[in-house]
Amino acid sequence: MTSNVKLIVGVRVDRPVTLVVDEKATGSGAALAALHRDQAATQGQYDPQADAWRVDLPAGDHVIELRDSAAGQVVARPLDGGTVTFVRFDPDKGTLAWKAKAATTTASDPWPQPGETESLDLDPGVHDWIEPTLAKVAKDL
């Protein structure tokens, strides 16, 4: 079982984006990681003045994970205020995707809930990498 996972979400971006993850838990010792479709991993950089993490994402598919945070609620959002496609894995409901300006978790669930925006039909590209990657992370929880 994974220790204190606070955020797990797939992100598909059609442009380079700086993703901001607000955790509001100063000194938590958390670690933010972004796994990219090409299997490269990027560590997020913590900004203590903003009390948030930042990670630069090239256009494409990514899985974002925040571990060991003392935060209750976590919000992931593009710095530019635009929308991106967020992807959530649910073994009972299937993989869900939605376009939004932010994805928010609760204290008890590291998977963001789809927002008020319209759910999207997932193209095959999501099913061949984001979905199995999220499923593997879910299995390890």
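Just need a number here: residues in the range 98-111 that are among the hydroxyl-bearing types (Ser, Thr, Tyr) and open to solvent by less than 50 Å² (accessible area, probe 1.4 Å).
Result for the range 98-111: 1.
How about the range 79-94: which of its residues are outside any strand (DSSP E or B) and either surrounded by fewer than 15 Cβ atoms within 10 Å (Cβ to Cβ) or under 12 Å from the mean Cα position of the chain (by Cα) (or both)?
Within the range 79-94, LEU79, ASP80, GLY81, GLY82, PRO91, ASP92, LYS93 meet the criteria.
Condition check ((1) assigned to a strand (DSSP E or B); (2) within 16 Å of LEU134 (Cβ to Cβ); (3) of a type in the set (A, V, I, L, M); (4) open to solvent by less than 30 Å² (accessible area, probe 1.4 Å)) across all residues:
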{"position": "ALA50", "(1), (2), (3), (4)": "no, no, yes, no"}
{"position": "ARG77", "(1), (2), (3), (4)": "yes, no, no, no"}
{"position": "LEU96", "(1), (2), (3), (4)": "yes, yes, yes, no"}
{"position": "GLN113", "(1), (2), (3), (4)": "no, yes, no, no"}
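Which of the residues belonging to the range 52-64 are surrounded by fewer than 15 Cβ atoms within 10 Å (Cβ to Cβ) and not in a loop (DSSP other than H, G, I, E, B)?
ASP56
Do we have THR42 as touching a residue at least 24 places away in the same chain (Cβ under 8 Å), open to solvent by 20 Å² or more (accessible area, probe 1.4 Å), over 22 Å from PRO114 (Cβ atoms) and of a type in the set (Ser, Thr, Tyr) here?
no
Mind checking which pairs have a first residue in the range 128-141 that is in a helix (DSSP H, G or I) and a second that is charged (D, E, K, R), Cβ under 6 Å, 6 or more apart or different chains?
Note: pairs meeting the criteria are TRP129/ARG37; TRP129/ASP61; ILE130/ASP61.
Residue-wise test of (1) surrounded by fewer than 15 Cβ atoms within 10 Å (Cβ to Cβ); (2) touching an Asp or Glu at 6+ places or on another chain (Cβ under 6 Å); (3) in a loop (DSSP other than H, G, I, E, B); (4) at pLDDT 95 or above.
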| residue | (1), (2), (3), (4) |
| --- | --- |
| ASP38 | yes, no, yes, no |
| LEU66 | no, no, no, no |
| SER69 | no, yes, yes, no |
| GLY72 | yes, no, yes, no |
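The values are calculated or read from the model by the stated rules, or taken from the named source; none is laboratory data. No experiment lies behind these values; they were computed from the predicted model shown. Positions of Cβ are generated from backbone atoms using ideal geometry, with glycine treated the same way; all protein chains shown enter the neighbour counts. Ligands, DNA and RNA are excluded from the accessible area calculation, which covers all protein heavy atoms including side chains. Shrake-Rupley method; radii C 1.70, N 1.55, O 1.52, S 1.80 Å.
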